[in-house]
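Note sheet for the following structure.
The values are calculated or read from the model by the stated rules, or taken from the named source; none is laboratory data. As the structure is a computational prediction, the values presented were derived from the model and not from experiment. Positions of Cβ are generated from backbone atoms using ideal geometry, with glycine treated the same way; all protein chains shown enter the neighbour counts. Remember, those area values only see protein heavy atoms, side chains included, never the ligands or the DNA or RNA. Shrake-Rupley method; radii C 1.70, N 1.55, O 1.52, S 1.80 Å.
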Amino acid sequence: PNDDLKLNYSGNYVVKVYPDGLQDKPVITKRFMVVEPKVKVVPHVKHATIIADRNYKQEIDFTIYYEGYDILDPYGEIGVVITQNNRWDNAISGLQPTFVRDNELIYDYDEDNVFMAGSEYRNADFKSFRYKTEEIMGFGYDSTGHHVYLLKDEKRSFRRYFSKADINGRFFIKNEDNADNSSIEADYAFVHFTLPFEAPLIDGNLYVLGDLTHGKISPEGKMQYNYEKFAYEATLYLKQGYYEYQYAYLEDGKKTGNIAYIEGSHYETENDYSIYI
């Protein structure tokens, strides 16, 4: 939005940048949503109701209060989408109210509204190319540009939960190397991820996942197995800053990545949930 452009409607949008006259060959696409508070949503995040899931899943119950907003058919007019940490591969949709009261729609499920709780995110901090943070093994520079080599990560599916402050998979752009304006002066780098693994998986693939891959299981985040190093590797081209990520396992034929396979899952994990009505 600016002096010449104003969004008039809430909904789903895409910013598309393309060379003049080549709309079918975009160089940048970025989707975003515009929301407006027509109803009030009160969530309740808790342990999973099913006993077997209580230690590693989180349940999202919620109530919609719609006083002053006409809803004649709550089962046909209202759609709900729940996301966890801006992820879209595991988004929950299609839920209908379990109870309807005067100006209230109650969504109280036991199985259909649960998420793997996961673990706190890993991070990569390369706001500067002059000093190494605790996650950085080293830097490089060649004809292709800057390179950031992260320390080898570890599989932590059977580790105990540990509390760690994070921003739930998000990132921010920043250049601490004498930049006056980080948003336009931060440089780019090839960031190298390494996850040691004894042998390649035969029924699926591993992916780097977070806002750095737009919250999706994407080709950019797919890891390749290095037989010489006995490790999965991936390289992402990222702008200088601070990033958080996890590793997701996607079984062949499935659409939802399994975080617990590499990261583990603990009900204590702090996550951000968004409920779109």
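Which numbered condition trips up Lys57, out of (1) in contact (Cβ under 8 Å) with a residue 60 or more places away in the chain; (2) surrounded by fewer than 12 Cβ atoms within 10 Å (Cβ to Cβ); (3) of a type in the set (Lys, Arg)?
In the conditions (1) in contact (Cβ under 8 Å) with a residue 60 or more places away in the chain; (2) surrounded by fewer than 12 Cβ atoms within 10 Å (Cβ to Cβ); (3) of a type in the set (Lys, Arg), Lys57 misses (2) alone.
Which residue out of Gly76, Gly68 is free of Cβ contacts under 8 Å to residues at least 24 places away in the same chain and on the phi > 0 side of the Ramachandran plot? Walk me through how you get there before you give the answer.
On the way: Gly76 fails: on the phi > 0 side of the Ramachandran plot.
One residue alone meets the criteria, Gly68.
Within region 34-53, can you find the residues that are in contact (Cβ under 8 Å) with a residue 40 or more places away in the chain and open to solvent by 90 Å² or more (accessible area, probe 1.4 Å)? Explain how you work it out, then say what you get.
Taking region 34-53 as the starting set, the residues that turn out to be in contact (Cβ under 8 Å) with a residue 40 or more places away in the chain are 35, 38-39, 41, 43, 45, 47-50, 53.
If the condition is that a residue be in contact (Cβ under 8 Å) with a residue 40 or more places away in the chain and open to solvent by 90 Å² or more (accessible area, probe 1.4 Å), then Val35, Lys38 are the ones that fit.
Can you name the number of the only condition in (1) touching a Lys or Arg at 6+ places or on another chain (Cβ under 6 Å); (2) open to solvent by less than 60 Å² (accessible area, probe 1.4 Å); (3) among the β-branched types (Val, Ile, Thr) that Thr29 fails?
That leaves (2) as the condition not met.
Among the numbered conditions (1) more than 30 Å from Asp166 (Cα to Cα); (2) exposed (fewer than 10 other Cβ atoms within 10 Å of the Cβ); (3) hydrophobic (A, V, I, L, M, F, W, C), tell me where Val100 comes up short.
Condition (2) is where Val100 drops out.
Is region 136-151 home to any residue that is touching a strand residue (DSSP E or B) at 6+ places or on another chain (Cβ under 9 Å) and among the charged types (D, E, K, R)? Even if it seems obvious, please write down each step before you answer.
Step one: list which residues in region 136-151 are touching a strand residue (DSSP E or B) at 6+ places or on another chain (Cβ under 9 Å), which gives 136-141, 144-151.
Cutting the leftovers down to among the charged types (D, E, K, R) gives us none.
No, there is no match, as no residue in region 136-151 is touching a strand residue (DSSP E or B) at 6+ places or on another chain (Cβ under 9 Å) and among the charged types (D, E, K, R).
Since Ile106 meets every condition but one in (1) among the hydrophobic types (A, V, I, L, M, F, W, C); (2) at pLDDT 95 or above; (3) closer than 30 Å to Ala52 by Cα; (4) open to solvent by 60 Å² or more (accessible area, probe 1.4 Å), which condition does it not meet?
Here Ile106 clears every test but (4).
How about region 1-88: which strands (runs of 3 or more DSSP E) wholly inside it have at least 1 residues that are under 21 Å from Asn103 (Cα atoms)? First the steps, then the outcome.
Numbers: elements: 11-17, 28-34, 40-47, 57-65, 81-84.
In region 1-88, 40-47, 57-65, 81-84 are the strands (runs of 3 or more DSSP E) which contain 1 or more residues that are under 21 Å from Asn103 (Cα atoms).
Do you know which residues across region 260-277 are more than 14 Å from the chain's Cα centre (by Cα), not in a strand (DSSP E or B) and not charged (D, E, K, R)?
Across region 260-277, the qualifying residues are Ala260, Tyr261, Ile262, Gly264, Ser265, His266, Tyr267, Thr269, Ile277.
Here are some residues: Phe115, Phe158. Which one is aromatic (Phe, Trp, Tyr), touching a residue at least 60 places away in the same chain (Cβ under 8 Å), at negative phi and out of contact with any strand residue (DSSP E or B) (no Cβ under 8 Å at 6 or more places or on another chain)?
Of the residues listed, the single one that is aromatic (Phe, Trp, Tyr), touching a residue at least 60 places away in the same chain (Cβ under 8 Å), at negative phi and out of contact with any strand residue (DSSP E or B) (no Cβ under 8 Å at 6 or more places or on another chain) is Phe158.
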